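One structure is given below, encoded as structure tokens.
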Amino acid sequence: MEPRPINMLVIEDDQGDYEYLAELLAGVDNPVFEMCHNTRLSDGLKHLSSEHLTSFYRICTCRTVKDSRL
């Protein structure tokens with residue numbers, strides 16, 4: 001039986017940081033991570049509402065995403 005993948009929403013505006021995280025997680029055999037990437041907080045929130053929050057096991061966000069500051 002193959003392990004169930006962990007769905008992860010990543011909100012990161014720096015492509016290099018996202019690729020670094022993806023590379024780190026690609027080296028993990030168990031569990032397997034499936035990542036969905038958004039570069040803006042607003043897009044990530046739209047994704048959550050369209051996919052339903054329960055479809056993601058982990059949400060990783062950068063504090064400095066341009067539209068995350070009030």
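The values are calculated or read from the model by the stated rules, or taken from the named source; none is laboratory data. Note that the structure is a prediction, hence the values are computed from the model and not measured. Neighbour counts are summed over all protein chains in view; Cβ atoms, including those assigned to glycine, are modelled from backbone coordinates with ideal geometry. Ligands, DNA and RNA are stripped out before the accessible areas are found, and what is left, the full protein with its side chains, is counted by its heavy atoms. Shrake-Rupley method; radii C 1.70, N 1.55, O 1.52, S 1.80 Å.
Annotations
- Selection count where residues are modelled with pLDDT of 80 or more and either of a type outside the set (S, T, N, Q) or open to solvent by 90 Å² or more (accessible area, probe 1.4 Å) (or both), scope region 41-56: 7
- Residue 38 vs. criteria surrounded by 14 or more Cβ atoms within 10 Å (Cβ to Cβ), at pLDDT 90 or above and not aromatic (Phe, Trp, Tyr): yes
- Subset tally (residues that are of a type in the set (A, V, I, L, M, F, W, C) and open to solvent by 70 Å² or more (accessible area, probe 1.4 Å)) for region 9-24: 1
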